[in-house]
Amino acid sequence: MPKDGGIGASTKRREDVRFLTGTGHYTDDINLRGQAHVHFLRSDVAHGRLNKVDTSAAEGMPGVLRVFTGADFADLGGLPCGWQVTDRFGQPMQEPRHPVLAHGKVRHVGDPIAAVVAETREQARDAAEAIVLDIEELPAVVDMKAALEDGAPKVHDDLTSNLCYDWGFVEENTAAVDEAFEKAAHVTTLELVNNRLVANPMEPRVALGDYNRSTGEHTLYTTSQNPHVIRLLMGAFVLGIPEHKLRVVAPDVGGGFGSKIYHYAEEAFCTFAAKALNRPVKWTSSRSEAFISDAHGRDHVTKIELALDAENNFTAIRTETYANMGAYLSTFAPSIPTWLHGTLMAGNYKTPHIYVNVKAVFTNTVPVDAYRGAGRPEATFQLERVIDKAAHELGVDPIALRRQNFITEFPYATPVAVEYDTGDYHATMDKLEEIADLKGFAARRKESEAKGKLRGLGINCYIEACGIAPSNLVGQLGARAGLYESATVRVNATGGITVMTGSHSHGQGHETSFAQVISEMIGIDADQVEIVHGDTANTPMGMGTYGSRSLAVGGSAMVRATEKIINKARKIAAHLMEAAEGDIELKDGRFSVAGTDKSVAWGDVTLAAYVPHNYPLAELEPGLEETAFYDPANFTYPAGAYAAEVEVDPETGKVTIERFAAADDFGNVVNPMIVSGQVHGGIAQGVGQALLEGCVYDEQGQLLTGSYMDYAMPRADDLPFFTVDHSCQTPCTHNPLGVKGCGEAGAIGSPPAVVNAVVDALRSGGHDITHIDMPLSPSRVWQAMQG
Amino acid sequence: MPEVSMTVNGKPAKGQIEGRTLLVDFLRDTLGLTGTHVGCDTSQCGACVVHVDGRAVKACTMFAAEAEGAEVRTIEGMAEPDGTLHPIQQAFQDHHGLQCGFCTPGMVMSAAALLAENPTPSEAEIRDYLEGNICRCTGYHNIVKAILAASGQDVSRIAAE
C-alpha cells in the first residue's frame, strides 16, 4: 500500500487546504485588466410582448459602454438543446428558439431583455434602471394541465401548442400492461407531485469573457461542470467560434448539483460582448438572479398505478406524468422526464409489465432541467410511495412486500429497456435493518408518544442508472452528444505524474481520489500525482461531471490511459534490464524480472523515456504520455435501502428527522470518507425536498420563493447526524474499477423515506392519511391531521 | 470618494470607497482578499462571515465605512504565517467538513466565533449557532463533527467518516 493510501483509503483531501485558507480560485475571484461589468435587465412579468426597449437614457449614464438588446443577437444562434425526444407517434418534440436576449416576447420572470455593460458593476446596475420598457403583458400559463387546455395562452406563438412532447415508454407494452391491470387482484393508485426545486449551489454563477484581437482567441471563464460541453455548444451553435479559437475555463466551482451543466445565455453574452467591446466583460449573478435564471429541477405531477396478484407479487405499473419544461428547453431538459425517469420505473423489483407516459409542457416559468438525481428521484418517489400505500392497503409489512418482489438474479433485463448488471437488494436491506436498529423502533415510538409526539418509520429502496452513458445507446435515444470521458496521463521525466481529466470537480474531491487510483496502479505515493481539470486548453475533450459519472467513466478513462503507460514502461524496463517483456512485474513502484533479484525503480524507467540514451528507439517512441477515451458499455446501477425516523408534533405539524440511515451499494469504493460525504449531502438535499424546499409561482407566474428569505434551504438545525454504510459492494461488471457512482444516491433515496415516515407517524396517531405532497411543511401536515 | 482605513489580518489597510461599498466588496475588490465569498443578497447564507473587532459579522451586511478603524480578521488571517492551519481549519480537513469549499470560509469564521464564546458546545448548540451559515454540499454532518473535534470533544462515536 502506498504511504498516502491507494484504493480504499480515507485519504484526506488535498484540495481542502486552499479552500480552508481562502486561496481557492473561483470564477468571481478572477479579474482581468480593463474588465467591464454587465448587468442584465430581466423581465418582471411572466409573459408579455416586448413592444419597445428604449435604451437611449441608459446609454448616456456614467460609465456605460454599450447597451445590448435582443436585436443584437437576432442573427445568431439560439441556446441549443442537447437532446431530441421522439414522441409516442414517432414525431420529434416541439423545440422553440431560445434567444440569448429576449426578442419579441418575454416568457418568464427573469428572461433577460437587455444587457448594460459599464465600467463598474454599480454603474451597469444604475443604468439598467434607466431603460424604458414597453411590455404588453399577456396572460401567463403556470399550471401544466391548464397549459394543455384548448385556448390556453401559448408560450411560443410559433408552436402548435404548449405540449413539447407526449412520450410513451414502452409503447409496445401498453396492451400487456392493460391486461395485467384487468387481471390484478389488487390495484393501488396514487397521485402525487414532485415539487419544483432550485439547485442552489452556494456559489452563484459567474461568466467572464475575454477576447484577444491580435490572435482572434476567445476565452470564457465560467462556473461550469463541463467546460468542453460549453465550448462545443456555444462555439458551434450560438456564436460560430471554432473550438481552436475558444478556450473555456471552469476553475474552482462552488457546487453544481446539475445546475451548472447547461449552457446559459450569460456565457454567450459575455463571450460575444468581449469581442464587440474589445474588453473583458464580467457577470456575477446575485442570488436573487440565480433564483430566476438558473435552471430549476423536478416539477412533475404524476398518477401511478401498481397492480398486484393475489400473492402480492407486482404484476404491472402504469404511470402518467406531466413534466414542466418551463419557458424554454434547457440543455438536457427533454431527457430528464423520459430516458432518466421512464427507464428507472422498475426500481428494485421484478415487475414484468411497465408503461410510462410523460407529457412535457411549456409554461411561463424558469426552464427546468437536471437537478441532483434528475429523473431518478422522480421515479423512485412515485414507486416507493405507491408500494408503501399498497402495503398499507393490503395490511402487509412494507419491508416484506419489497423483499418479496426484489430482483435477485443478475444480469436482469427490465421491461423498460435497461439491464442491471449486478446488485444484492436483500443485502442492503439486511444492512439497513442493522444500522437503523429497526428492532428498537417500537421502543423509540413509545418514548416519543410519552412526550406527546407521533413517531414514524419510513423505508424505501432505490436504484439509479449512473455512469452516464454509452454513446451509441444515447445517440439512438436522441442525445446530440457522446457521453464518453477522457484522460491524458503525462508521466514526467523524474517520475511524477500529471493527469489531465475531462471530468470536473466542484466539490467531489477528484484531485484526491483520482490520485489514489493512479497511486494504487503504479505503486507510487499519491502525492506524486497531480490531477488537472477544468480548462479546455490543457485537457482532452471531455464531457464533464454529472450523473454520478466521474469515477465510473472519467476514472475508467484514466485507468485505460494508465494501463497504456504501464505497458510502455514495462517495455522500457525490459530493455533496461535486458529481459523479456513478459517477465517484467510492476510492484510498489519498481519493475522487476520475475524470479530474479533484478529491478529498476519507476523513476529510472521514466527518466529513460525522456533521456533515451539507452532506449529501444527503433521499436518505441521516447516519452511517456498516453490518452484514453472511455465509452461505457452500460450504465451502472447503484442501489440501496434507506430508513427515516421522524417525530411529528401533533400540535403544530412540525416534522423533525430523528434518525436517518442509508445502506448503499456503490460497488467498489476508492475513498470511503468522500463517499460518505457525498451521501450526507445528498440526504440533506432529499430531506430538504421532503420537508422544506419548494418553488412557488403565483397564477401570474411571479416566483414567490425568490430568495433565501422565502425558499427554505436546509440548515444545520434541520438535520441530525446520519448513519451511512457502503459495505455492501457488488462491483460493476463492465468498468475497470468496478465502481458505480455515489453522487446522487442520497438525493434519490431520501424523499420517499421521509414521506413514508411522516405518513406512518400520522397513522400511528389515528389519522387516516395516505399521502401529503412535498414539502411536508408544518401547515400541510397540520392541515392533513385536521382531515 | 471617501477613504476608509482599518486593520485587516493584523496589517493596515486603506482604500477609496463609495459610500455604498460593502465591507465584503472592499475586502474582495480593493484588498484582493477573495477568500471571503458572497453567496446571497439577503444576509442568509453566511459565506461572507468575517470578524470585526472580534465579533462574527456578515460582511455583505456592513458598509466598508462602518469598519473605519476596526480590527478585521478574514479567512486569510486564520492560519499561522508558516502555513500551519488553525485548529478549526485542521479539524475541517481531518473530518471532511467541506466539499466545494465555497461556504467554508464563513463556516470556519463562524465556528471560531462560536468556540470563542462557548469553548465546548454541544451538538445542538453548534447546529443552532450555524443557523446563519448555509452549506449545500455536506449536509452539515461533518461540519458539526469537525467543530466538536476542534473543541477537543470526542467524536469517535459519531457514525461514519
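A compact table of results
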quantity	calculated
Test for B:Ile158: is it surrounded by 24 or more Cβ atoms within 10 Å (Cβ to Cβ) and either assigned to a helix (DSSP H, G or I) or facing another protein chain (nearest Cβ under 8 Å) (or both)	no
Flag if B:Thr36 is within 11 Å of chain A (Cβ to nearest Cβ) and hydroxyl-bearing (Ser, Thr, Tyr)	yes
Residues within region A:115-146 that are surrounded by 24 or more Cβ atoms within 10 Å (Cβ to Cβ) and within 30 Å of the chain's Cα centre (by Cα), tallied	3
Test: residue in region A:436-453 that is surrounded by fewer than 18 Cβ atoms within 10 Å (Cβ to Cβ), over 28 Å from the mean Cα position of the chain (by Cα), under 14 Å from A:Ala644 (Cα atoms) and within 14 Å of another protein chain (Cβ to nearest Cβ)	yes
Any strands (runs of 3 or more DSSP E) falling wholly within region A:614-725 and containing at least 1 residues that are within 14 Å of chain B (Cβ to nearest Cβ) and under 21 Å from A:Val193 (Cα atoms)	A:639-648
Count of residues meeting criterion [touching a residue at least 24 places away in the same chain (Cβ under 8 Å), assigned to a helix (DSSP H, G or I) and aliphatic (A, V, I, L, M)] in region A:168-200	3
Residues located in region B:11-25, provided they are surrounded by 11 or more Cβ atoms within 10 Å (Cβ to Cβ) and away from chain A (no Cβ under 14 Å)	B:Ala13, B:Lys14, B:Gly15, B:Leu23
Positions within region A:383-416 being within 20 Å of A:Glu305 (Cβ to Cβ) and not in a helix (DSSP H, G or I), in sequence order	A:Gly395, A:Val396, A:Thr414, A:Pro415, A:Val416
Selection within region A:320-370 - charged (D, E, K, R) and closer than 18 Å to A:Val198 by Cα	A:Asp369
B:Thr74 vs. criteria more than 21 Å from B:Glu3 (Cβ to Cβ) and either surrounded by fewer than 20 Cβ atoms within 10 Å (Cβ to Cβ) or in contact with a helix residue (DSSP H, G or I) (Cβ under 9 Å, 6 or more places away or on another chain) (or both)	no
Answer residue from region A:497-531, given it is closer than 18 Å to A:Thr223 by Cβ and more than 14 Å from chain B (Cβ to nearest Cβ) and is farthest from the chain's Cα centre (by Cα) among those	A:Gly502
Subset of region A:330-389 that is farther than 22 Å from A:Arg318 by Cβ and either charged (D, E, K, R) or not assigned by TED's automatic domain parsing to the domain that holds A:Ala745 (or both) - its residue that is surrounded by the fewest Cβ atoms within 10 Å (Cβ to Cβ)	A:Asp369
Breaking point among (1) more than 10 Å from every other protein chain (Cβ to nearest Cβ); (2) closer than 25 Å to A:Met713 by Cα; (3) in contact with a Gly (Cβ under 9 Å, 6 or more places away or on another chain); (4) assigned to a loop (DSSP other than H, G, I, E, B), for B:Pro121	(3)
Test result for B:Arg127, basic (Lys, Arg), touching a residue at least 12 places away in the same chain (Cβ under 8 Å) and more than 10 Å from chain A (Cβ to nearest Cβ)	no
Single condition B:Asp82 does not satisfy, out of (1) among the acidic types (Asp, Glu); (2) assigned to a loop (DSSP other than H, G, I, E, B); (3) in contact (Cβ under 8 Å) with a residue 12 or more places away in the chain	(3)
Restricting region B:90-113 to residues that are over 26 Å from A:Pro672 (Cα atoms) and crowded, with 21+ Cβ neighbours inside 10 Å, the residue that is farthest from the other protein chains (Cβ to nearest Cβ)	B:Ala112
Among (1) outside any loop (DSSP other than H, G, I, E, B); (2) away from chain B (no Cβ under 12 Å); (3) small (Gly, Ala, Ser); (4) crowded, with 24+ Cβ neighbours inside 10 Å, the one test that A:Gly741 misses	(1)
Enumeration of residues in region A:462-498 that are within 12 Å of A:Asp631 (Cβ to Cβ), among the polar types (S, T, N, Q) and part of a loop (DSSP other than H, G, I, E, B)	none
Of all residues making up region A:538-566, the number that are among the basic types (Lys, Arg) and assigned to a helix (DSSP H, G or I)	2
Candidate set: region B:26-55, residues that are buried (at least 22 other Cβ atoms within 10 Å of the Cβ) and small (Gly, Ala, Ser); chosen: the one farthest from A:Tyr708 (Cα to Cα)	B:Gly35
Conditions (1) away from every other protein chain (no Cβ under 14 Å); (2) surrounded by fewer than 16 Cβ atoms within 10 Å (Cβ to Cβ): number failed by A:Val53	(2)
Test set (1) buried (at least 22 other Cβ atoms within 10 Å of the Cβ); (2) modelled with pLDDT under 95 - A:Ile748 fails condition number	(2)
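Each row is one residue, and each column tells you yes or no for (1) surrounded by fewer than 20 Cβ atoms within 10 Å (Cβ to Cβ); (2) modelled with pLDDT of 95 or more.
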| position | (1), (2) |
| --- | --- |
| A:Gly60 | yes, yes |
| A:Ala74 | yes, no |
| A:Arg97 | yes, yes |
| A:His108 | no, yes |
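Here is a yes/no grid of residues against (1) surrounded by fewer than 18 Cβ atoms within 10 Å (Cβ to Cβ); (2) within 30 Å of A:Thr343 (Cα to Cα); (3) modelled with pLDDT under 95:
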| site | (1), (2), (3) |
| --- | --- |
| A:Ser556 | no, yes, no |
| A:Thr596 | yes, no, no |
| A:Thr606 | no, no, no |
| A:Leu624 | no, no, no |
| A:Pro632 | no, yes, no |
| A:Phe635 | no, yes, no |
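The values are calculated or read from the model by the stated rules, or taken from the named source; none is laboratory data. Being a predicted model, the structure only gives us computed values, none of them experimental. We place every Cβ from the backbone using ideal geometry, glycine too, and count neighbours over all the protein chains shown.
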